[in-house]
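The values are calculated or read from the model by the stated rules, or taken from the named source; none is laboratory data. Note that the coordinates shown come from a computational prediction; the quantities given were computed from them, not determined experimentally. Cβ coordinates were reconstructed from backbone atoms using ideal geometry, including for glycine residues, and neighbour counts include every protein chain displayed. We work out accessible area using only protein heavy atoms, side chains counted, and drop any ligands, DNA or RNA first. Shrake-Rupley method; radii C 1.70, N 1.55, O 1.52, S 1.80 Å.
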Amino acid sequence: MLLGEYVKTFNNSVKFTVLVAALGYFVDIYDLLLFGIVRMPSLRSLGVPEDQMMSVGVHLLNMQMAGMLIGGIVWGITGDKRGRKSVLFGSILLYSVCNIANAFVPNPEVYGWLRFFAGIGLAGELGAAVTLVCEIMHKDARGTGTAIVASVGIMGAVLASLIGDYFSWQTAYLVGGGMGLCLLALRAGILESTMFSELPETASRGGFHQLLLQPRHWVRYLSCIVIGIPIWFVIGILITFSPELTHELGVNGVVTGSKAIMWTYAASTLGDLSAGLLSQWLRSRKQAVLIYLCLTVALFFLYVHLPPVSSSTFYCLCAGLGFGIGYWAVFVTVAAEQFGTNIRATVATTAPNFVRGSVVPLTLAVEALRGQVGILNS
């Protein structure tokens, strides 16, 4: 790639768009993981007994993830029919309002429905951001652009953990919603994708059916989803429910969900940046994903066979897992690059949300087996 082309790729309008996309993902991750961070204090405040913490927590997490499954399809089709910017505006408005309302929930039932609608809103942010960045940047620089979006965005988990530790759970939700509403003002200045704008009016835009009607499309689409599922197995099971898992592992000291999430995502920032750069250097996103998948699998086996260690050592393992699952941005970029402009937003938005939605059957399976074989074996 010529130097002039590379500089052009990073002109001021593109830089601003990448920055706003990254900040949007920052708020998205903050809100997405906030429930896992404030799960126990918020449920205690609502009067949930200690022996029901995990089962109620699983239900609320599944409500959020079910919302993301539905939202992924809705926002994906909207992004292909009405443009990428419309999704970035609509999604952040919905989840910001829902998270502000979360600060005032009277009971777990209302809590669950608000997490559901927040999940619908959260579903649109990443896919639309990655689609937009992919379409306004030269193909030789996309890996860098999406790595920047993911690396900045993932730091939202660190902020969520710090806010969750030092402030009340109600304040944590208000901060997330407030950040989202503030970000709406910045969204006015971002670029729309020229690829999308130049699509002929007669082109068939969006539509999930386009993926399902052609076998080569849905096989490729399902393959994209499958490579992302280990990421949310780690986040949704191993990290979110680490307080319960480490009790069975015999870890010395108290392990909190907020600190486990913070260390996981702090390291995942480095993982996402390095995975993006590695994919550029190897000129192969597939090879980069394979390397990080192998690292994740190795660390998973270390996790489940962990001897009694201190909580500090366990947090180091969380950091290692976070680095291993740091191929999230590369995974979404791979999905976005597999399909044409007319259905790219549908793919880039639905694929990561189906991956997130995989937490629902995973947690249900863990719950079903827990009573028979224990939480660790399940």
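Only one residue in A266, A298, A275 is more than 20 Å from L162 (Cβ to Cβ) and within 20 Å of the chain's Cα centre (by Cα). Which one? On inspection, the qualifying residue turns out to be A275.
Taking region 99-109, which residues are in contact with a helix residue (DSSP H, G or I) (Cβ under 9 Å, 6 or more places away or on another chain) and more than 14 Å from V27 (Cβ to Cβ)?
First, pick out the residues of region 99-109 that are in contact with a helix residue (DSSP H, G or I) (Cβ under 9 Å, 6 or more places away or on another chain): 99-105, 108.
If the condition is that a residue be in contact with a helix residue (DSSP H, G or I) (Cβ under 9 Å, 6 or more places away or on another chain) and more than 14 Å from V27 (Cβ to Cβ), then A101, N102, A103, F104, V105, P108 are the ones that fit.
Of the residues making up region 133-150, not one is modelled with pLDDT of 75 or more, open to solvent by 30 Å² or more (accessible area, probe 1.4 Å) and not β-branched (V, I, T).
Between S168, S197, S193, S204, the distinction of being among the hydroxyl-bearing types (S, T, Y), at negative phi and modelled with pLDDT of 70 or more belongs to S168 only.
This table checks each residue for (1) modelled with pLDDT of 90 or more; (2) closer than 15 Å to D28 by Cα.
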position: S45; (1), (2): yes, no
position: Q64; (1), (2): yes, yes
position: L69; (1), (2): no, no
position: W75; (1), (2): no, yes
position: S86; (1), (2): no, no
position: V97; (1), (2): yes, yes
position: Y111; (1), (2): yes, no
position: G119; (1), (2): yes, yes
position: G124; (1), (2): no, yes
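Is it the case that region 247-262 has a residue that's over 28 Å from V130 (Cα atoms), without any contact (Cβ under 8 Å) to a residue 12 or more places away in the chain, part of a helix (DSSP H, G or I) and open to solvent by 50 Å² or more (accessible area, probe 1.4 Å)? Yes, region 247-262 has at least one match.
Apart from one condition, L290 fits all of (1) buried (at least 18 other Cβ atoms within 10 Å of the Cβ); (2) part of a helix (DSSP H, G or I); the exception is (1).
Taking (1) assigned to a helix (DSSP H, G or I); (2) open to solvent by 10 Å² or more (accessible area, probe 1.4 Å); (3) farther than 27 Å from M262 by Cβ; (4) among the polar types (S, T, N, Q) in turn, S312 satisfies each apart from (3).
Just to be sure, is G57 of a type in the set (G, A, S), open to solvent by 10 Å² or more (accessible area, probe 1.4 Å) and under 23 Å from I154 (Cβ atoms)? Answer is no for this residue. When region 40-54 is filtered for residues that are assigned to a helix (DSSP H, G or I) and open to solvent by 20 Å² or more (accessible area, probe 1.4 Å), the ones remaining, listed by number, are M40, P41, R44, S45, E50, D51, Q52.
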